[in-house]
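Participant: Take this structure first; my questions come after.
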Amino acid sequence: MAKGGLPSASTQLPKVLPHSKPAVMFLQDVKVVFLGLLLAAHLLLGSSLSPASSYEFTAHRMQQYNLLKHRHGCRGALVVAEARSADEPVLTRRCVVMRVWDFTTETYQRAQRQHAAAVLILLPRNISSLPQQVIQSFMVSESEALMEETLMPVYVAPEDQQLLYMYEEVKKTASTRTSSIFIRVFRSMVTATAFQILVSNNGPIKAITDSTLVTLEGVLPGAGEDIPTIVITAHYDSYGLAPWLSFGADSNGSGVVLLLELARLFQKLYSSPSTRPRYHLMFSLSGGGKYNFIGTKRWIEENLDHAESSLLHDNVAFVLCLDTLANGDGLQVHVSRPPRDDTPMKNFIHCLEEVVSSRFPEVKTGLVHKKINLVESTVSWEHERFSLRRIPAFTLSHLDDHRCEGRGSLLDTLSMVDLRKLQRNGIIIAETLARYMYHLSDQGSAEEVQIFRGQLDFHEGRISSLMSLLTSVPRATQLMDKESSQVLLVNSLDQELRRYLQQVHRHTFRQDKRDPDMTFFDQMRQPVVMYRVKPAAFDLFLGGCITAYLAIVYFAIQNFDQVYRKVKAAVKPVSSTK
């Protein structure tokens, strides 16, 4: 026994502790608890990041443009936020991750009201696998979102394995809301994995005012002098929530395909003096159709106000505009003013009804009359641009209403069109034109007198190839003069017209930088990094564990004498009995 009544550590402890079962068990328990804490901390820290702790992908920003002083689309681009599901009750300062069926007007507006940091929409690779109800709902929400301006960044990214995994994880986290509060807190603090979304490009968004529009025109000269002209036109650009994902198969790839086929087929009729009609046939492919048909407007002004001689100056029978013709079982004639009897337009509509009733009774035709509102600064259909200049014009489309969401959607892809119906509509239009120009109504019914068959038939393979070409790249207006693949597409359309038409001209219209009709903005395609991290609550939990551990160690050091006496008192009776 040492002085002061304390045992010598070198003499007493080795003799007592090895023979003391309570002391041994106490030290073993302490050792197990300590090792357990170390193992738990290691597992928690090791699970915060997977071997692939970050994933970089490309996201496409929502449209941002000004049209005649009206602002549309999203004004924000920078995102640094934690990913959350749209099912979460609180979305403030979070990046809301949605799939197509989650993106509704209600969820989008709720994210805006709660001041969400951003919205990330995952677009499926196979659009045709979506139910029709989901497609329609998304198109409606997409159209309404584009009508107004928002400061909240909105991005669209094609789905892949990593993004779908993130989506499932945030959905799983949102589903724990129905569990008890203890389970929710424990999962949030320890087991849950959060995803941080980062758009690293923090440069300012810049306006683009030097965009150009290209309109192509060509002619098949008719037989004789001072003969009327029939103009066939279509716009070739596309529109959707994100420019880089807007392929516009039905609107308006279908109109472009039929125009090119009509040029090819009628060129064969015009190539022979015996079958050349007494009509000039003029074809036009215009840009800027999705932005108030500015390309058509500038082309009309070029021909009427600035050109010394143009077919639009002379006798124009009518202008036929082709728009959205690859789906549906209807063929609607949209006009600004009902045509009077014995006018070229009225006679053409009569020929159209003859062809449809005789050969395609399943197709429903109708006349849709919509007056031009001169108070509004925008027009609804391309033919209204001609009607404003007192040129008789109408639009053929399978749509009943100009406000139909299908005219501008990300889901308007090649897989969503019906090439057989596109071919059928092409035959109807071609037979109607021939019936009108050659006065075939007096020679028999449309079933008895058919022009476009045999060598003059519509080639299904060619229609498919043209549609594949047009939908191979996005045709958003802001990309057509900036990207090499889009410029190549316009050049291909130019060459296609030159194969069959004469007097082919390429009109390039540049905007006035001081007062542009439309202004686009950059940063439409951004690199995005997704980090797998523990939520902020985990840092608080881990800090609390470390604080508690240090407090225990500090208490043990400060009160070593008392702890030692308790250990001695516990082991002394055992040693004395032995």
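Participant: Starting from the eigenvalues of the Cα gyration tensor, five times each then square-rooted, give me the equivalent ellipsoid semi-axes of segment 332-404, largest first, whole Å. Before the final figure, lay out each step's value.
Facilitator: On the way: eigenvalues 113, 47, 12 Å².
The equivalent ellipsoid of segment 332-404 has semi-axes of 24, 15, 8 Å.
Participant: A follow-up question, please. With a cut-off of 8 Å between alpha carbons and a minimum separation of six or more residues, what is the relative contact order of segment 242-330 in percent? List each step's numbers first, then the result.
Facilitator: Numbers: 46 pairs, mean separation 37.4, N = 89.
Dividing the mean separation by the residue count of segment 242-330 yields 42 percent.
Participant: Considering the dipole of segment 211-510 built from charges on the beta carbon (Lys and Arg +1, Asp and Glu -1) around the Cα centre, which of Gly366, Ile429, His306 is farthest to its positive end?
Facilitator: Positive-end residue among those listed: His306.
Participant: Just want to confirm a number: the relative contact order over segment 272-372, from Cα pairs under 8 angstrom separated by 6+ residues, in percent.
Facilitator: On the way: 66 pairs, mean separation 23.1, N = 101.
RCO, segment 272-372: 23 percent.
Participant: Still on this structure: About the Cα centre of the chain, what is the dipole size in debye to 20, counting +1 per Lys and Arg Cβ and -1 per Asp and Glu Cβ, all else neutral?
Facilitator: On the way: 62 positive and 58 negative charges, 831 e Å.
My answer is approximately 3980 debye.
Participant: While we're here: Mind jotting down the distance between the C-alpha centroids of segment 58-93 and segment 324-384, whole Å?
Facilitator: Cα centres, segment 324-384 to segment 58-93: 38 Å.
Participant: Using alpha-carbon pairs under 8 Å, 6+ residues apart, how would you state the relative contact order of the chain in percent?
Facilitator: On the way: 1013 pairs, mean separation 134.0, N = 578.
Worked out over the chain, it gives 23 percent.
Participant: Still on this structure: Considering the alpha-carbon set of segment 234-382 alone, what are its Rg and its Dmax in angstrom?
Facilitator: Expressed in Å, the Cα Rg and Dmax of segment 234-382 come to 16.9, 50.
Participant: I would also like to ask the following. With the cut-off at 1.5 for a/c, could you classify the chain from its C-alpha gyration tensor as rounded, prolate or oblate?
Facilitator: Values: a/c = 4.06, a/b = 3.37, b/c = 1.20.
Cα axes put the chain in the prolate bin.
Participant: Highest mean first, how do 488-494, 546-552 rank when packing is the count of other Cβ atoms within 10 Å averaged over residues? Mind showing how you got there, number by number?
Facilitator: Values: 488-494: 15.7, 546-552: 10.9.
Ranked from most to least packed, the peptides come out as 488-494, 546-552.
Participant: Roughly how far apart, in whole Å, are the Cα centres of segment 394-411 and segment 501-533?
Facilitator: Segment 394-411 and segment 501-533 have Cα centres separated by 23 Å.
Participant: Collect residues whose amide H, placed 1.01 Å from N in the peptide plane, falls under 5 Å from the amide H of Thr365; neighbours closer than 5 in sequence don't count.
Facilitator: Placed amide hydrogens put Leu331 under 5 Å from Thr365.
Participant: Report the net charge of residues surrounding Thr324, where surrounding means a beta-carbon distance below 15 angstrom and charges are Lys +1, Arg +1, Asp -1, Glu -1. Don't skip to the end; give the middle numbers.
Facilitator: On the way: positive: Lys290, Arg403, Arg407, Lys421, Arg424, Arg475; negative: Asp237, Asp250, Asp323, Asp329, Glu382, Asp400, Asp401, Glu405, Asp412, Asp418.
Result for the local shell: -4.
Participant: A further question follows. Would you mind putting 224-233, 201-210, 325-334 in packing order, based on average other-beta-carbon counts within 10 Å, highest first?
Facilitator: On the way: 224-233: 17.3, 201-210: 12.1, 325-334: 21.1.
Packing proxy ranking, top to bottom: 325-334, 224-233, 201-210.
Participant: First check a/c for segment 211-510, with a ≥ b ≥ c the square roots of the eigenvalues of its C-alpha gyration tensor; if it is under 1.5, answer rounded, and if not, answer prolate when a/b is larger than b/c or oblate otherwise. Present the calculation step by step, with values, prior to reporting the outcome.
Facilitator: Working: a/c = 1.32, a/b = 1.22, b/c = 1.08.
In terms of gyration-tensor shape, rounded.
Participant: For segment 259-294 and segment 97-150, what is the centre-to-centre distance using only Cα atoms, to the nearest Å?
Facilitator: Each part's Cα centre sits 39 Å from the other's.
Participant: Same structure again: I'd like the antiparallel share, as a percent to the nearest 5, of DSSP beta bridges with both residues in the chain. Please list the in-between numbers first.
Facilitator: Details: 43 of 82 bridges.
Around 50 percent of the beta bridges assigned by DSSP in the chain are antiparallel ones.
Participant: Now for a separate question. Can you give the alpha-carbon Rg of segment 346-456 over 2.2 N^0.38 Å, where N counts its residues? Before the final figure, lay out each step's value.
Facilitator: On the way: Rg = 16.4 Å, N = 111, 2.2 N^0.38 = 13.2 Å.
Its radius of gyration relative to the 2.2 N^0.38 Å reference: 1.25.
Participant: I need Cys74, Cys351, Cys321 ordered by Cβ neighbour count within 10 Å, fewest first. Present the calculation step by step, with values, prior to reporting the outcome.
Facilitator: Details: Cys74 24, Cys351 21, Cys321 30.
Neighbour counts put them in this order, fewest first: Cys351, Cys74, Cys321.
Participant: So what's the back-of-envelope 222 nm ellipticity for the chain, counting only DSSP H runs of four-plus at -39500 (n - 2.57) apiece and dividing by all residues, rounded to 500?
Facilitator: -11500 deg cm²/dmol
Participant: Which net charge results for the neighbourhood of Glu225, defined as the other residues with beta-carbon distances under 11 angstrom from its beta-carbon, given Lys and Arg at +1 and Asp and Glu at -1? Walk me through the intermediate numbers first.
Facilitator: On the way: positive: Arg278; negative: Asp226, Asp314.
It works out to a net charge of -1.
Participant: At a 10 Å Cβ-Cβ cut-off, how would you order Val533, Val257, fewest neighbours first? Don't skip to the answer; put the middle values down first.
Facilitator: Working: Val533 16, Val257 28.
Result, fewest neighbours first: Val533, Val257.
Participant: Let me check I've understood the local charge: for Tyr55, count other residues with C-beta under 12 angstrom from its C-beta, Lys and Arg +1, Asp and Glu -1. What total comes out?
Facilitator: Residues close to Tyr55 contribute a combined charge of -1.
Only the coordinates and a few stated rules stand behind these numbers; no lab work does. None of these values were measured; they are calculated from a predicted model. When we count neighbours, we look across all protein chains shown, and the Cβ atoms used for this are built from the backbone with ideal geometry, even at glycine.
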